[in-house]
1. Every residue in the stretch B:52-74 that is under 23 Å from B:LYS134 (Cα atoms) and surrounded by fewer than 16 Cβ atoms within 10 Å (Cβ to Cβ), please.
2. So which of A:LEU229, A:LEU203 ends up being under 18 Å from A:ILE156 (Cα atoms) and either basic (Lys, Arg) or at the interface with chain B (Cβ under 8 Å from one of its Cβ atoms) (or both)?
3. So is A:THR196 within 24 Å of B:GLU194 (Cα to Cα), out of contact with any strand residue (DSSP E or B) (no Cβ under 7 Å at 6 or more places or on another chain), of a type in the set (Val, Ile, Thr) and more than 8 Å from chain B (Cβ to nearest Cβ) or not?
4. With respect to A:GLU157, is the statement that it is surrounded by fewer than 19 Cβ atoms within 10 Å (Cβ to Cβ) and within 14 Å of another protein chain (Cβ to nearest Cβ) true?
5. Within the stretch A:163-181, how many residues turn out to be within 14 Å of chain B (Cβ to nearest Cβ) and in a loop (DSSP other than H, G, I, E, B)?
6. Out of the residues in the stretch B:204-222 that are touching a Phe, Trp or Tyr at 6+ places or on another chain (Cβ under 8 Å) and among the aliphatic types (A, V, I, L, M), which is nearest to the other protein chains (Cβ to nearest Cβ)?
7. Looking at the stretch A:237-267 only, could you name the residues that are more than 9 Å from every other protein chain (Cβ to nearest Cβ), crowded, with 16+ Cβ neighbours inside 10 Å and modelled with pLDDT of 95 or more?
8. What is the residue count in the stretch B:213-244 for residues that are in contact with a strand residue (DSSP E or B) (Cβ under 7 Å, 6 or more places away or on another chain), at pLDDT below 95 and not hydroxyl-bearing (Ser, Thr, Tyr)?
Amino acid sequence: MTKTASSPRSNAPAPRTWSEVRPARRASIPEGLWLRCPSCAKMVYRRHLEANLNVCPECTHHFRIGATERVLQLADPETFQEMFTNLQPADPLKFKDLKTYRERLVAEQVKTGQIDAIRAGKCFIKGREAMLVCLDLTFMMGSMGSVVGETITRAIEAATPNKAKGYAGLPVIIVSCSGGARMQEAGLSLMQMAKTSAALARLDDAGGLFVSVLTDPTTGGVTASFAMLGDVILAEPRALIGFAGPRVIQQTIRQELPEGFQRSEFLLKAGLVDRVVPRANMRTELARLIDYSGR
Amino acid sequence: MATYYQLDFEKPLVQLDQKIDDIESRIRVEEPDPALATGVESLRSQAQSLKTERAGMLSDIYSKLTAWQTVRVARHPLRPQTRDYIELMTRDFAEMHGDRRFGDDPALVTGMCRIGPIKVMLVGHQKGRETSEKIACHFGCAHPEGYRKALLKMQLAEKFGLPIVTLVDTPGAYPGLGAEQRGQAEAIAVNLREMSRLRVPIVSIVIGEGGSGGALGIAVADRVAMLQHAWYSVISPEGCAAILWKEANEQTNTAAAKSLKLTAADNLELGIVDDVIPEALGGAHRDPKATANSLSDWIVRTLQELKKQSPEDLVNARYERFRRMGQFLEQAPA
């Protein structure tokens, strides 16, 4: 698990080992040598956790990770070429709740060092070129506002095959983790659902491949648009995936929710996802799907 | 009039209605007696001036509705629903049930009908009027089978070359156990994708509540309009208040409704809808027929305009319509 398989394609840079990648990741993780796993409550040595892709070595609980770390885990080392970084969130509605949206944006940007809740770009996955889009849960719960919707749409459009131009396109991989639509952009964030889904219709018409990877948590307007539209839908183990949040459902039906409700394994049983894939196998799985699709 | 459910901001009207009722009942009593003819005459003129005053007050109240008050009007129990509009503005409605997979969701009504000179496929949310109907319809919150039924009928319309009319009126898609288990999110997502590439004209009108994905799930259209007092946004004001203000009460709901920019005028300004269709004075519930007429006028006019486009142009223009949505800052790439 700690080494990438070597990639045979000549156009990919030479792969690095995980140990070479690790220092960059470690810098982004806050202090504290030990932490408690929220699932098994055992104390975990942070270095062991990181070396294990942030999966608890005791109970295989998948810790939530940001987009930067996700890219490092999925892309072949140093192959990720980030795109669309010139897009910045605006405050079209002058939204104000207890704080203004503008204040919230600045605070989140300072906290995460990111412009918005997404990173997208071209990369290689085990030597196969792909368009990789990762939502970032650390930024406003990974919510989808105009920037997230626009970035996803541009990434899909840039990867859509175009026969007339002799462009074969790229496989699109979107890793979702999001609380849903971004309330502070109200109706405009709702429209991102239609925009991204329409772009996927075009990708589909052109014969492109879209693999949707669902991670903890994927809910609301993100699930109800691009995230559930994958040609293949993969989910990380025990991820919360649903349309409505469990609290809302509980208030509606006024009874206890069954154990494991809205978790990946529940969705697998309900026929809503193709496979539950542990984080350590995700690269292999993605590479395999790209090969099978011939894209 | 007196049987109307009263909204709190309509209170001044109630007192006037009371006065008008009193005078009119006196007129009825005194009219047969010729000796009281002059008294009746003055009562009549009194009633007339009160009615004028009332109309002025009504138009005043409704021209100054706050966002939260608009939401309350959009939820008025007597507000016309999809089945009322079917009754009022269509002919020869051939209802079609079921998604052929799981069941039939009464919260989404589908069928072919005629509006003016045009044959259309109509799809609309139904909230229900009587308690039993409301419960069966889950108060207009559709299940996945509802969205799948809607798509199946819309694809049938595509096959026959029938334009599609959708009437949106839902607080949101149903949040429940069965709905999740049967793929509520997937059902809505597939509708968004498939509606974007249907090769027939689609028009959508938010007739009451346009609550989030549950509304959008039948509203990916070439032209989207709202009735004057409808609302359309990503979440209900109560939902938004509960999350961002930590509690939903009259005050936070009012603030959330305002922040969400959910009124017809706001949505028009944001470019989310293309037109606002005027309602009868004092809301659609005060004159359903007149509202149905302006609704059907808009539908006929819009469909006749869309009919001129080829299917390719239609689908491309629909893509571009949603492609433009969103506002952000963009720096020139370095």
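The values are calculated or read from the model by the stated rules, or taken from the named source; none is laboratory data. Keep in mind it's a predicted model, so treat the numbers as computed, not measured. Here the Cβ is made from the backbone with ideal geometry for all residues, glycine too, and neighbour counts use every protein chain on show.
1. none
2. A:LEU229
3. Taking the combined requirement at face value, the residue satisfies it.
4. So A:GLU157 fits the description; yes.
5. 2
6. The qualifying residue nearest to the other protein chains (Cβ to nearest Cβ) is B:VAL220.
7. A:PRO237, A:ARG238, A:ALA239, A:LEU240, A:ARG263, A:SER264, listed by residue number.
8. Total meeting the criteria: 0.
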